[in-house]
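Throughout, read-outs are computed from the coordinates displayed, never taken from laboratory work. Computed from a predicted model, the values in this text were never measured in an experiment. Cβ atoms come from the backbone with ideal geometry, glycine included; neighbour counts cover every protein chain shown.
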């Protein structure tokens with residue numbers, strides 16, 4: 001079995017406490033390089049300093065072009081994707097994936113391409129499904145998959161999505177994560193990925209090259225996906241559904257990428273924005289009709305008063321229907 005010396009970790013809401021527990025239990029002589037993506041967006045963070053203070057390993061933000069080094073922890077900086085290639089760490093401000101930058105999927109995917117079976121992928125607490133496709137990438141390259149037990153998470157979305165995507169070699173609580181990572185690094189045997197959850201290696205490698213290049217020609221995306229009727233919630237461009245459905249995922253030609261839950265969340269948000277925009281437009285029509293009605297009253301024009309009253313009543317009916325639709329949408333989401 002090839003040695004495992006690359007550990008990649010993805011976490012979001014609820015993952016902060018888990019990372020504290022994890023690094024406090026890792027040994028100072030861990031024979032692996034650890035890379036962490038926590039969904040922090042553009043916000044400045046002292047996470048590396050905290051991680052260093054919590055455990056024996058030195059943590060800091062990754063720097064562009066630095067060599068991969070065992071026994072260290074590198075954290076994705078705010079608003080930058082962290083990827084691994086040619087034995088080095090690279091940062092980029094490419095398109096968001098699953099509405100996140102930094103995102104776990106680019107890190108996981110690049111690690112799988114570069115290091116294959118040497119990778120240990122870890123998905124911790126978080127919303128939606130970032131990391132699900134990336135963990136499937138890792139398992140497609142015979143890497144090792146660890147997932148925090150959804151029942152142990154503040155936010156079980158990411159772990160659940162990862163399990164549905166490709167399963168796991170080890171399922172553990174946050175207090176067991178360090179032990180599981182050390183076991184994986186030392187050579188614990190990986191489970192076989194069940195056939196229904198096995199990602200196509202050919203499609204993965206093509207998609208990884210497309211993702212690394214950023215903006216892609218439609219013809220290039222046609223090689224790995226099928227053009228869908230859906231549009232990107234981030235930029236409005238056409239979306240391609242990747243032919244391999246494990247997990248279901250989409251990508252646009254500007255580089256935005258989504259797995260199923262993230263795309264659903266984006267569509268719901270855009271739908272809500274559209275309904276509120278419609279409510280605003282109808283309400284403005286009612287306001288304008290009332291102003292014209294007052295003008296007609298000052299002019300003594302009864303016919304115009306009646307016309308504007310009809311417009312007001314029609315607008316109020318439409319606004320009520322839109323509000324009911326919004327409430328029904330919110331109820332179904334709950």
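Worth pointing out:
- Cut-off 18 Å (backbone N to label point 7 Å along Cα→Cβ of residue 317), residues of segment 275-305: 279, 282-287, 289-290
- Beta bridges from DSSP with both residues in the chain: antiparallel share about 40 percent, rounded to the nearest 5.
- Take the convex hull of the alpha carbons in segment 214-255; its mean projected area over all directions comes to 2.8 nm².
- Sorted by Cβ neighbour density within 10 Å, fewest at the top, the residues 204, 144, 16, 288: 288, 16, 204, 144
- Axis of helix 177-186 versus longest Cα principal axis of the chain: the two differ by about 50°, to the nearest ten degrees.
- Normalised by 2.2 N^0.38 Å, where N is the number of residues, the C-alpha radius of gyration of the chain stands at 1.24.
- Ratio Rg/Rh [Cα only; Rh per Kirkwood] for segment 104-231: 1.00
- Of the Cα atoms belonging to segment 263-333, the radius of gyration and Dmax stand at 16.3, 55 Å.
- Relative contact order (%) - criterion: Cα under 8 Å, at least six apart; region: the chain: 14 percent
- A simple spin-label model places the labels of residue 85 and residue 154 3.4 nm from each other, with each point 7 Å out along Cα-to-Cβ.
- Taking other C-beta atoms within 10 angstrom as a stand-in for reagent exposure, 275, 68 fall in the order 275, 68, fewest first.
- Theoretical gain in end-to-end length, residue 220 to residue 272 [0.36 nm per residue, Cα-Cα removed]: 15.4 nm
- Cα gyration tensor category, rounded, prolate or oblate, for segment 26-89 with a/c compared to 1.5: oblate
- Three-way shape call for segment 6-197 based on the alpha-carbon gyration tensor, with the a/c threshold at 1.5: rounded
- Kirkwood analysis of segment 214-334, using all unique Cα-Cα pairs, places the hydrodynamic radius at 17.6 Å.
- Modelled label reach - residue 290, point 7 Å along Cα→Cβ, segment 298-321 residues with backbone N closer than 13 Å: 309, 312-313, 315-316
- Of the residues 222, 245, 130, the one that moves most in a GNM of the chain with alpha-carbon contacts below 10 Å is 222.
- For segment 253-295, the percent of C-alpha pairs falling in each 10 Å distance bin, counted from 0 to the bin holding the largest distance, reads 25, 27, 21, 15, 10, 2.
- Relative contact order (percent, whole number), segment 6-197, Cα cutoff 8 Å, 6+ residue spacing: 22 percent
- Longest to shortest principal axis, alpha-carbon extents of segment 9-52, angstrom: 32, 17, 17
- Compared with the dominant principal axis of the Cα atoms in the chain, helix 15-25 is inclined by about 10°.
- Residue among 309, 17, 182 with the largest mean-square fluctuation in a Gaussian network model of the chain, springs linking Cα atoms under 10 Å: 309
- Computed over the alpha-carbon pairs of segment 196-276, the distance histogram in 5 Å steps reads 3, 16, 27, 24, 16, 9, 4, 2, 0 percent, short to long.
- The chain: angle of helix 201-213 to the longest principal axis, Cα-based, in degrees nearest 10: 70 degrees
- Multiplying the residue separation of residue 264 and residue 175 by 0.36 nm and subtracting their alpha-carbon distance yields 28.9 nm.
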